1. Need one value: the accessible area of residue 80 in square angstrom, 1.4 angstrom probe, rounded to the nearest 10.
2. Give the accessible surface of the chain per residue, rounded to a whole number of Å², with probe radius 1.4 Å and ligands, DNA and RNA excluded.
3. Using a 1.4 angstrom probe on heavy atoms only, work out the carbon and sulfur share of the accessible area of the chain in %.
4. Taking the Cα atoms of the chain alone, what are Rg (to one decimal) and Dmax (as a whole number) in Å?
5. How far apart, in nanometres, would the label points at residue 28 and residue 84 be if each is projected 7 angstrom from Cα along the Cα-to-Cβ direction?
6. May I ask you to derive the FRET efficiency for residue 13 and residue 114 from their Cβ-Cβ distance with R0 = 22 Å, giving the value to the nearest 0.05?
7. Could you work out how much longer the chain between residue 40 and residue 73 gets when fully extended? Use 0.36 nm per residue separation minus the Cα distance between them, nm to one decimal.
8. Taking Cα pairs under 8 Å and at least six residues apart, what relative contact order does the stretch 1-105 come out at, in percent?
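The values are calculated or read from the model by the stated rules, or taken from the named source; none is laboratory data. All of these numbers come straight from a predicted model, not from anything done at the bench. As a convention, Cβ positions derive from the backbone with ideal geometry for all residues, glycine included, and neighbour counts pool all protein chains shown. Protein only, heavy atoms only, side chains kept; ligands, DNA and RNA dropped before computing areas. Shrake-Rupley method; radii C 1.70, N 1.55, O 1.52, S 1.80 Å.
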Amino acid sequence: QVQVVESGGGLVQAGGSLRLSCAASGRTFSNYAMGWFRRAPGKEREFVAAIRWSGRTTSYADSVKGRFTISRDNAKNTVDLQMNSLKPEDTAVYYCNAVNTLQLSSPLFNSWGQGTQVTVSS
């Protein structure tokens with residue numbers, strides 16, 4: 001299993017940018033596809049973006065396509081999420097997790113990190 005620590009959240013105005021980072025532990029990190037998810041107040045956790053182990057294949061939720069970019073560095077065991085043109089509806093706690101390679105929008109493990117809060121003001 002991969003343990004993760006998310007960071008980089010904060011308060012930003014609409015139209016601004018943030019870069020989230022997920023530091024993963026475990027020597028087998030590079031074997032996993034990884035993803036970002038988010039939970040807005042009063043809503044279920046939802047898929048945001050995912051990236052395969054090679055870094056060459058990515059997947060995004062329709063709501064963030066063209067604004068968010070996921071990347072990974074297998075040498076550093078990190079997965080980043082660059083978020084541009086942020087909207088108030090992007091306000092949520094963001095989490096990373098390994099994802100199912102057959103369905104990138106599905107988290108692989110039931111355990112989650114603490115997440116990082118992103119708040120976008122209008």
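1. Rounded to the nearest 10, that gives 30 Å².
2. Each residue of the chain exposes 53 Å² on average to a 1.4 Å probe.
3. Of the solvent-accessible surface of the chain, carbon and sulfur hold 46 percent.
4. For the chain, the Cα radius of gyration and maximum Cα-Cα distance read 13.2, 41 Å.
5. 3.6 nm
6. It comes to 0.35.
7. 9.1 nm
8. 35 percent
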